[in-house]
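Below: the structure, in structure tokens.
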Amino acid sequence: MATSTLHIDLDALAANWQALDAKSSAAVETAAVVKANGYGLGAAQVAKRLLHAGVKTFFVAAAEEGIAVRDAVGPVPVIGVFGGHMKGDTDIIRTHRLTPMLNSIDQITRHFERLEGHPFGIQLDSGMNRLGLEAPEWNAVRAKVLARGPWLVMSHLACADAPNHPMNARQLANFCTMTDGIAVRRALSATGGILLGPDYHFDLVRPGIGLYGGLPYEDARPVVRLSCPVIQTREVEQGETVGYSNTWTAESPAWIATVSAGYADGITRAISNSAVLFAGDVPCPLVGRVSMDLITVDISHLREAPEQLDLLCAHQTVDDIAEIGATIGYEILTSLGQRFKRVYKHTIDGGAAK
Ligand SMILES: *Cc1c(COP(=O)(O)O)cnc(C)c1O
């Protein structure tokens, strides 16, 4: 059976990085977050293209993810690990020269005992209560940690996608209280924080979702297109139903296309009977339930059966699908299945598209 093709525009990704980079002053470094296999798009391909665009620092969530990124980008870039230095990570961190963002006293102790002299960063909790040292812990170890020259001190915002949320200013104030005056580079912001303005930029920013074309970066260029091959078309009569549990009934004679993609590919069942797929520029309603491998589409208004229908494209972004499915673009992207054929588009230095 034909599978869908996920087209990944690495040039659009690089353009999104450049545009986000331009939002902070030249003194601020713009890193790139490539965790979760590059938000589902392929960490190696994504990291290589971003390296070429000028990225010098990458972040992953877990040490294991750093292996593929190190292979892709070579020895020079810094690869930070948000999860820090866990038991069992020591060999990976050493061998692949990763920089753990230590987030507890336990991790700090482990790192100093096992990898004396190996670069590290520190993660502080400024209010999100997810990862990082709390203020009293930080105060207790601060002098000892600073004496060892951390590469970066960072924290993370909980509500940066809501610019007017009072939590942003509160976390900013907490982060400043914890770090003002230290002689170490500081970082607070992901995509949302970059858009909050220069007070939130410090020395380094860490965009993820905006690179991949997602909100809250509204001006992002779309990076993915998902093209689903039409396997079969059929005519149904008025009153006939389509798909599991008969959730859609033809109100008049209809022409139905069945395409190859389903919830096993990360296409959430929550978009059953509500999203559309595109035949070029023409929207065609998704009818019936999304099943494991198949989606049914009403193409009654088309003259010819299309060879494929696009679920994600310039007309319907990951955030549009997320809204219909009551989730967020991040989840749609990182759920996109391994069964899809991934086709990468990139032109480097004006060279031929590959
Ligand atoms: C995921 C993550 C990022 C990137 O966030 P986006 O919202 O995707 O830009 C940055 N910093 C930390 C700590 C993260 O966990």
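The values are calculated or read from the model by the stated rules, or taken from the named source; none is laboratory data. As the structure is a computational prediction, the values presented were derived from the model and not from experiment. Here Cβ is always computed from backbone atoms with ideal geometry, including for glycine, and neighbour counts include all displayed protein chains. Note: accessible area is taken over every heavy atom of the protein model, side chains too, but ligands, DNA and RNA are not part of it. Shrake-Rupley method; radii C 1.70, N 1.55, O 1.52, S 1.80 Å.
Taking the range 127-139 as the search range and keeping residues that are touching a residue at least 12 places away in the same chain (Cβ under 8 Å) and part of a helix (DSSP H, G or I), which one is least open to solvent (accessible area, probe 1.4 Å)?
Restricting attention to the range 127-139, the residues satisfying the condition of being touching a residue at least 12 places away in the same chain (Cβ under 8 Å) are 127-128, 130-133, 135, 137-138.
Retained after the next criterion (residues that are part of a helix (DSSP H, G or I)): 135, 137-138.
Values: Ala135: 40, Glu137: 69, Trp138: 0 Å².
Only one residue fits best here, namely Trp138.
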- Item | Top-ranked residue of the range 127-151 - restricted to ones that are touching a Phe, Trp or Tyr at 6+ places or on another chain (Cβ under 8 Å) and within 16 Å of the ligand (Cβ to nearest atom), ranked as farthest from Val33 (Cα to Cα) | Pro150
- Which of (1) surrounded by 18 or more Cβ atoms within 10 Å (Cβ to Cβ); (2) under 27 Å from Gln45 (Cα atoms) does Arg94 not meet, given it meets every other one? (1)
- The one condition Val55 fails out of (1) open to solvent by 30 Å² or more (accessible area, probe 1.4 Å); (2) farther than 30 Å from Asp106 by Cβ; (3) not in a helix (DSSP H, G or I) is (1)
- Taking the range 152-211 as the search range and keeping residues that are among the polar types (S, T, N, Q) and in a loop (DSSP other than H, G, I, E, B), which one is farthest from the ligand (Cβ to nearest atom)? Asn164
- Item | Of all residues in the range 76-91 being open to solvent by 10 Å² or more (accessible area, probe 1.4 Å) and within 14 Å of the ligand (Cβ to nearest atom), the one that is farthest from Val46 (Cα to Cα) | Gly83
- Enumeration of residues in the range 263-279 that are open to solvent by less than 50 Å² (accessible area, probe 1.4 Å) and on the phi > 0 side of the Ramachandran plot: Gly266
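Results for (1) outside any strand (DSSP E or B); (2) of a type in the set (Gly, Ala, Ser); (3) surrounded by 20 or more Cβ atoms within 10 Å (Cβ to Cβ), shown as yes or no for each residue.
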site	(1), (2), (3)
Leu13	yes, no, yes
Leu20	yes, no, yes
Lys23	yes, no, no
Ala36	yes, yes, no
Leu41	yes, no, yes
- Could you tell me which numbered condition Val259 fails, if it satisfies all but one of (1) free of Cβ contacts under 8 Å to residues at least 40 places away in the same chain; (2) out of contact with any Gly (no Cβ under 7 Å at 6 or more places or on another chain); (3) more than 16 Å from the ligand (Cβ to nearest atom)? (1)
- Task: Please verify whether the range 224-235 includes one or more residues that are within 16 Å of the ligand (Cβ to nearest atom), out of contact with any Phe, Trp or Tyr (no Cβ under 7 Å at 6 or more places or on another chain) and open to solvent by 20 Å² or more (accessible area, probe 1.4 Å).
- Result: no
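To keep it simple, each residue is scored yes or no on (1) at positive phi; (2) without any contact (Cβ under 8 Å) to a residue 60 or more places away in the chain.
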residue	(1), (2)
His7	no, no
Leu13	no, no
Ser25	no, no
Glu29	no, no
Gly54	yes, yes
Ala72	no, yes
- Query: So which of Gly181, Gly197, Gly193 ends up being open to solvent by 30 Å² or more (accessible area, probe 1.4 Å) and assigned by TED's automatic domain parsing to the domain that holds Asn129?
  - Reply: Gly181
- Message: Considering only the range 58-70, I want to know if a residue exists there that is open to solvent by 30 Å² or more (accessible area, probe 1.4 Å), over 15 Å from the mean Cα position of the chain (by Cα) and of a type in the set (A, V, I, L, M).
- Response: yes
- Return a yes/no flag: does the range 246-262 have any residue that is in a loop (DSSP other than H, G, I, E, B) and open to solvent by 70 Å² or more (accessible area, probe 1.4 Å). yes
- Query: What number goes with the only condition from (1) surrounded by 14 or more Cβ atoms within 10 Å (Cβ to Cβ); (2) in contact (Cβ under 8 Å) with a residue 60 or more places away in the chain that Leu146 does not pass?
  - Reply: (2)
